[in-house]
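All of the numbers you see were taken from the coordinates with simple rules; none came from a lab. Computed from a predicted model, the values in this text were never measured in an experiment. Counting neighbours? That spans all protein chains shown, and the Cβs are built from the backbone with ideal geometry, glycine included.
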Amino acid sequence: MFSRIWTKPYTKSCSEQIERLKAALQDCDAVVIGAGAGLSTSAGFVYTGERFEKYFSDFAAKYGIKDMYSGGFYPFAMPEEHWSYWSRYIYINRYMDAPKPVYDDLLKLVSDKDYFVITTNVDHCFQKAGFDKKRLFYTQGDYGLFQCSEPCCQETFDNEAAIREMVKRQQNMKVPTELLPVCPHCGKPMTMNLRCDDTFVEDEGWHKAAERYENFLRTRSEQKILFLELGVGYNTPTIVKYSFWRMAHDWKDATYACLNYGEAYAPDEIRKKSICINGDIGEILSQI
C-alpha cells in the first residue's frame, strides 16, 4: 500500500513542524498515542553507558556483559545468578522513576483530551506518570509481572514484593535459592511476562485493554484524530507504526505525527497529513 522509497522526512524547519503539532493537538477531537523505546530513552531509561556501569559493573566485570539489554540474554549457569541480574534489571527499569519528566510532560499535553495509549514499552512509565490505566494498552507485557514458564495457565502475577526482596538479599551476584519464583499452580519456574515467543501469556487484563483500544478506534473513526507516534522503531513496526499509517491514510480527518531521534518519517501517501520531527522527544514536548 505504501511506497517503499524512503525520501527526506520533511522540508520545513523543526520550529514550523512544532507549530503544526501544537495546532493539531489543540484542534483534534482525540489523540491516539503510540509509544516505543525511544520515548523511554528520552526519559533517561538508557541501557548503556553510565547508567549501566552504575548498576551492573560487577556483572560487566565477571561476565563481560556490555549493556543491560544483551545481559538479559546471557546464559547464566544458575537460576540464582539469572534472578540476581533480572531482579536488579527489573527494579531499576520498572520500580524506579525515570530520570527525566518526559512522561509527565506528555500527560500535561493530553490530560484534557480524549486519548488512548498503545505501547510496546514494558516499563510502566505511563501509569507511574498518572495516565489513566483504562486508557493504556501494553501489548508486549510488563516488567512488573511474572508468568508461568510452561505456561500452565493464562494468568500473570505481580512481582514487586518478590523483586524488591531479591534485590535486597542478593550477594555475590546470586539471590537466595528460597527466593526463586515458582508458579503457584504447577510449581514450575516463573519467567517474565514479556513477549519473546509463543509462551507469552495474554491474561484477562491484556484482553480487556485490547478490547478498550479497539472500541476507542471504532467509535472515533469519523472524528478529527491525531495519531501521535513517539520513539517507535522498526523492531515491531506492525503494532504501532504501520497501523497508524494505515488509519491516517484511510480516515478522512486524521493527522499523523512522528517524533523520533533520526527516524521521523512518513510515507508519500500520507505526507500531506503528516508532521515529522527529528530530535529528542523530551526537548520537543517541552517546546509545545
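Need the list of lysines near Lys62 for cross-linking: C-alpha distance under 16 angstrom, and skip anything on the same chain fewer than eight residues off. Counting by Cα, and skipping residues close in sequence, Lys62 has these lysines nearby: Lys54, Lys174.
Our coupling estimate for the range 206-223, obtained by passing each phi through the Karplus curve with A = 6.51, B = -1.76, C = 1.60 and θ = phi - 60°, is 4, 5, 5, 5, 4, 5, 5, 5, 4, 5, 4, 5, 4, 8, 10, 5, 9, 8 Hz, Gly and Pro reported as x. Evaluated over the Cα positions of the range 180-281, the convex hull gives a direction-averaged projected area, one quarter of its surface, of 9.0 nm². Once backbone amide H atoms are built at 1.01 Å from N, Ala254 has Ile225 as its partners under 5 Å, excluding neighbours fewer than 5 places away on the same chain. Number of Lys-Lys pairs in the range 178-278 with C-alpha atoms under 30 Å apart and a separation of 8 or more places or on different chains: 13. Calculate the tail of P(r) for the chain: the fraction of all Cα-Cα distances greater than 29 Å, expressed in %. Of all Cα-Cα pairs in the chain, 39 percent lie more than 29 Å apart.
Against the longest alpha carbon principal axis of the chain, how many degrees, from 0 to 90 and to the nearest 10, is the axis of helix 241-250 turned? Once rounded, the angle reads 30 degrees. Karplus-based coupling profile of the range 188-204, in residue order and whole Hz: 6, x, 7, 9, 6, 7, 10, 6, 9, 7, 7, 8, 4, 8, 9, 7, 4, with θ = phi - 60° in 6.51 cos²θ - 1.76 cosθ + 1.60 and x standing for Gly or Pro.
For the chain, the dipole from Cβ point charges (+1 on Lys and Arg, -1 on Asp and Glu) about the Cα centre works out to 520 debye, to the nearest 20. Rounded to two decimals, the Cα radius of gyration of the range 15-112 over 2.2 N^0.38 Å is 1.47.
Helix 79-90 axis versus longest C-alpha principal axis of the chain: approximately 30°, rounded to the nearest ten.
Only lysines eight or more places from Lys108 in sequence, or on another chain, were considered; those with a Cα closer than 18 Å are Lys22, Lys100, Lys128, Lys133, Lys134. Once the mean of 1/r is taken over each pair of separate Cα atoms and inverted, the range 95-197 shows a Kirkwood hydrodynamic radius of 15.7 Å.
Using the Cβ of Gly34 as centre and a radius below 9 Å, the other residues enclosed give a net charge of 0, where K and R count +1 and D and E count -1.
The distance linking the range 19-91 with the range 210-288 is 23 Å (Cα centroid to Cα centroid, whole angstrom). Sorting Arg218, Arg212 from the fewest to the most surrounding beta carbons within 10 angstrom yields Arg218, Arg212. Met190 sits among other residues whose Cβ lies under 13 Å from its own Cβ, and their net charge, with Lys and Arg +1 and Asp and Glu -1, is -2.
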